[in-house]
Structure formats: C-alpha cells, structure tokens
1. From A33, A125, grab the single residue that is among the small types (G, A, S), in contact (Cβ under 8 Å) with a residue 40 or more places away in the chain and out of contact with any strand residue (DSSP E or B) (no Cβ under 8 Å at 6 or more places or on another chain).
2. Just checking, does region 46-61 include any residue being over 16 Å from A100 (Cβ atoms), without any contact (Cβ under 8 Å) to a residue 40 or more places away in the chain and either surrounded by fewer than 22 Cβ atoms within 10 Å (Cβ to Cβ) or aliphatic (A, V, I, L, M) (or both)?
3. Only one of S92, S88 is touching a residue at least 24 places away in the same chain (Cβ under 8 Å), under 21 Å from Q116 (Cβ atoms) and either surrounded by 16 or more Cβ atoms within 10 Å (Cβ to Cβ) or in contact with a Pro (Cβ under 6 Å, 6 or more places away or on another chain) (or both). Can you tell me which?
4. Out of all the residues in region 18-44, which are surrounded by 22 or more Cβ atoms within 10 Å (Cβ to Cβ) and over 13 Å from the mean Cα position of the chain (by Cα)?
Amino acid sequence: MNATSADNARTTLRGQCLCGAVRYRVDDAFGYAFNCHCSQCRRATGSAFKPFAGIERTRLRLEQGETDLLIHGNPGAAHDVHCRHCGSLLYSVVREGAFAHVTMGTLVDTPSIRPQGHIFVGSRAPWHEIADTLPRYDKFPP
C-alpha cells in the first residue's frame, strides 16, 4: 500500500446499521460533534441523547443498501435516514440538505472527533443527569 492509499484508509470511516443491510463510508473530517438532548433526538434513538458528528453531506457515501433505507421527514429538506429492516438511525440530513449528522454509535471505526458539548439541555430527559464537564447549550451553538 502506497502512502496515499494508507492516508485514505486512515481518513475514511466505516459505518453500518445493526443488521448490516446498510453500510456507509464517511470522511474522518467532521466539523463538529455534540450530544443532542432534544425530545426529537431522544425519540429517534430511544436514548437520553443522540451523539452525532456533523459533516458536509457530500463526504458521506452509501456503500450498500440504498434500497434498504427508510426516510423519515421531508426527503427534500431535513430528514432522518434509517435502515428499513432493523430501524437503526444512521444519520440526519440537515441545514437545507448540505450537512449530515452521523450518529456516532453507527460508526464501526473510531472517529478522531469527540463530542464538544451538550445541546438543547433545557429539554433533556428529567431522569438523566449529565455527568461530564463538557459545555452545555440551550440550542445549537453558532
């Protein structure tokens, strides 16, 4: 493997749904990462918050399972992308379709970015206590 191939292998991450029907690759070049505590993210994940990393939509590529996708929301605007078989939330398309918020739990490989804070903490689940020292925001930071 030459140096360029080795660099590409390190900067591309694999991701997939629970059942493996849908697989994707995404560049390890996320611009931001947060733990979202809004009620929609809690419902979509069934968890206290959704850890996600944001990246330009063009830097995420489906490798397998395009016909296995379930789109929730407006396909021409903001929407969530799930596996239609196992229900895994893979990513959300946001910001007028320009960005993807990749759910960090679906990544097979370890990204270089870590969550930078908690967002929408005013609507966090009352049964969940945030135990780390990351910054907390009432909305998405500027």
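1. Being among the small types (G, A, S), in contact (Cβ under 8 Å) with a residue 40 or more places away in the chain and out of contact with any strand residue (DSSP E or B) (no Cβ under 8 Å at 6 or more places or on another chain) holds for just one of A33, A125, which is A125.
2. yes
3. Testing whether each residue is touching a residue at least 24 places away in the same chain (Cβ under 8 Å), under 21 Å from Q116 (Cβ atoms) and either surrounded by 16 or more Cβ atoms within 10 Å (Cβ to Cβ) or in contact with a Pro (Cβ under 6 Å, 6 or more places away or on another chain) (or both) leaves just S92.
4. Those that are surrounded by 22 or more Cβ atoms within 10 Å (Cβ to Cβ) and over 13 Å from the mean Cα position of the chain (by Cα): V22, H37.
Bear in mind that the values in this text are calculations on the coordinates, not laboratory data. As the structure is a computational prediction, the values presented were derived from the model and not from experiment. FYI the Cβ positions are ideal-geometry reconstructions off the backbone, even for glycines, and counts take in every protein chain you see.
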